[in-house]
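Engineer: Just passing along the structure, written as structure tokens.
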Amino acid sequence: MIDLKRSHLSFTNKLGRLVWQVFYLLAFRPTPIFLHSWRTFLLRVFGASLGSGVHVYPSAKIWAPWNLVMGSGSCLASNVDCYNVATVTLGEGATVSQYCYLCTASRDYRDPSLPLLTAPITLGAKAWVAADVYIGPGVIIGQGCVVAARTSLVNDVPAGFIIRQRFDLVAESIVRKLKRIDKSDI
């Protein structure tokens, strides 16, 4: 069971995000792809903890740099959406490929006031998250894991596992059922 904690975003947090958005739009987003060192400098100025040789691409969206921890040689690729209301940690050499969504927050739908719930996301060293993957709040992906493209993760993954969704089995099952339908029944 993932431990989601109630959170409240302070005025200081909101102001910090406003200032970050201005810098993101004017000094981060429009940079050429090869200027990784400039983008890591900006992220560090805003409180990110980054190892050496980190690659963050200009189209990657980081909600709160002060909640980003990246080990040496890790990467946030093009168009990654890092909604890090809580901390997102990438281990050494971890890669998050294009169009992934890292989501550390949700709402408590059981409470009429819909309070914000948060939990950190952690990727172990040498983990690879392929294109267009959703990772939900509180998920821990172990060292050396591979998460295949278009997977949705809401549970932890132990070290060394390869995870993929098997939509092909569902589709195959549906096709078999359709083939069994007698055409005279239609």
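The values are calculated or read from the model by the stated rules, or taken from the named source; none is laboratory data. Given the structure is predicted, the values throughout are model-derived calculations rather than measurements. Glycine also receives a Cβ, built like all others from the backbone with ideal geometry; neighbour counts cover every protein chain displayed.
Engineer: Among (1) loosely packed, with under 13 Cβ neighbours inside 10 Å; (2) at pLDDT below 95, there is one condition ILE2 misses while meeting the rest; what is its number?
Structural biologist: Result: ILE2 fails condition (1) only.
Engineer: In the list ILE140, ILE186, which residue meets the criterion of being at pLDDT 95 or above, among the β-branched types (Val, Ile, Thr) and more than 21 Å from GLN98 (Cβ to Cβ)?
Structural biologist: Working: ILE186 fails: at pLDDT 95 or above.
The unique qualifying residue is ILE140.
Engineer: Exactly one of these conditions fails for SER78: (1) crowded, with 17+ Cβ neighbours inside 10 Å; (2) under 16 Å from the mean Cα position of the chain (by Cα). Give me its number.
Structural biologist: Looking at each condition in turn, SER78 falls short on (1).
Engineer: Given the residues SER52, SER59, which is the only one that is touching a residue at least 12 places away in the same chain (Cβ under 8 Å), among the polar types (S, T, N, Q), in a loop (DSSP other than H, G, I, E, B) and within 17 Å of GLY91 (Cα to Cα)? Walk me through it before giving the result.
Structural biologist: Details: SER59 fails: within 17 Å of GLY91 (Cα to Cα).
Selected residue: SER52, the only one of SER52, SER59 that is touching a residue at least 12 places away in the same chain (Cβ under 8 Å), among the polar types (S, T, N, Q), in a loop (DSSP other than H, G, I, E, B) and within 17 Å of GLY91 (Cα to Cα).
Engineer: I'm trying to understand the selection: among the residues of segment 102-158, which are farther than 17 Å from LEU90 by Cα, part of a strand (DSSP E or B) and not hydrophobic (A, V, I, L, M, F, W, C)?
Structural biologist: SER106, ARG107, THR118, SER152
Engineer: Shifting gears a bit: What number of residues within segment 51-60 are surrounded by fewer than 22 Cβ atoms within 10 Å (Cβ to Cβ), more than 14 Å from PRO30 (Cβ to Cβ) and in contact with a helix residue (DSSP H, G or I) (Cβ under 8 Å, 6 or more places away or on another chain)?
Structural biologist: Looking only at that region, the number is 1.
Engineer: Residues of segment 20-35 being of a type in the set (S, T, N, Q) and either touching a residue at least 24 places away in the same chain (Cβ under 8 Å) or not in a helix (DSSP H, G or I) (or both), which ones? Show your work before the answer.
Structural biologist: As a first pass, look at segment 20-35 and keep what is of a type in the set (S, T, N, Q): 21, 31.
Within segment 20-35, just THR31 meets the criteria.
Engineer: Also, I was wondering about something else. Can you name the residue in segment 107-135 that is touching a Ser or Thr at 6+ places or on another chain (Cβ under 8 Å) and of a type in the set (S, T, N, Q) and, of all such residues, is nearest to GLY51 (Cα to Cα)?
Structural biologist: THR122
Engineer: Let me spell it out: the conditions are (1) at pLDDT below 95; (2) crowded, with 20+ Cβ neighbours inside 10 Å, and VAL85 meets all of them except one. Which number is the exception?
Structural biologist: (1)
Engineer: Looking at THR31, THR12, THR40, THR87, which one is touching a Phe, Trp or Tyr at 6+ places or on another chain (Cβ under 8 Å) and polar (S, T, N, Q)? Walk me through it before giving the result.
Structural biologist: On the way: THR12 fails: touching a Phe, Trp or Tyr at 6+ places or on another chain (Cβ under 8 Å); THR40 fails: touching a Phe, Trp or Tyr at 6+ places or on another chain (Cβ under 8 Å); THR87 fails: touching a Phe, Trp or Tyr at 6+ places or on another chain (Cβ under 8 Å).
One residue alone meets the criteria, THR31.
Engineer: Of the residues in segment 104-122, how many are crowded, with 19+ Cβ neighbours inside 10 Å and under 15 Å from ASP81 (Cβ atoms)?
Structural biologist: 2
Engineer: Quick one: how many residues across segment 132-162 are of a type outside the set (Val, Ile, Thr) and either over 22 Å from SER78 (Cβ atoms) or in contact with a His (Cβ under 7 Å, 6 or more places away or on another chain) (or both)? Steps first, please.
Structural biologist: Within segment 132-162, the first condition is being of a type outside the set (Val, Ile, Thr), and the residues that meet it are 132, 134, 136-138, 142-145, 148-150, 152-153, 155-156, 158-161.
Right, trim to either over 22 Å from SER78 (Cβ atoms) or in contact with a His (Cβ under 7 Å, 6 or more places away or on another chain) (or both) and you get 137-138, 142-144, 155-156, 158-161.
Final tally of qualifying residues: 11.
Engineer: Inside segment 93-123, can you point out the residues that are under 14 Å from GLY136 (Cβ atoms) and among the aromatic types (Phe, Trp, Tyr)?
Structural biologist: TYR101, the sole residue that qualifies.
Engineer: Ok, one more. Tell me which of these GLY47 doesn't satisfy, since it passes every other one: (1) at positive phi; (2) surrounded by 15 or more Cβ atoms within 10 Å (Cβ to Cβ).
Structural biologist: So the condition that GLY47 fails would be (2).
Engineer: Are any residues in segment 101-157 basic (Lys, Arg) and over 25 Å from SER59 (Cβ atoms), and if so, which ones? I'd like the intermediate steps shown before the answer.
Structural biologist: The initial filter retains those residues of segment 101-157 that are basic (Lys, Arg), namely 107, 110, 126, 150.
Matches in segment 101-157: ARG107, ARG110.
Engineer: What pairs come up if the first residue lies in segment 117-134 and is at positive phi, the second is surrounded by fewer than 19 Cβ atoms within 10 Å (Cβ to Cβ) and of a type in the set (Phe, Trp, Tyr), and their beta carbons are under 8 Å apart, counting only those six or more places apart or on different chains?
Structural biologist: Pairs that qualify, where the first residue is at positive phi and the partner is surrounded by fewer than 19 Cβ atoms within 10 Å (Cβ to Cβ) and of a type in the set (Phe, Trp, Tyr), are ASP132/TYR99.
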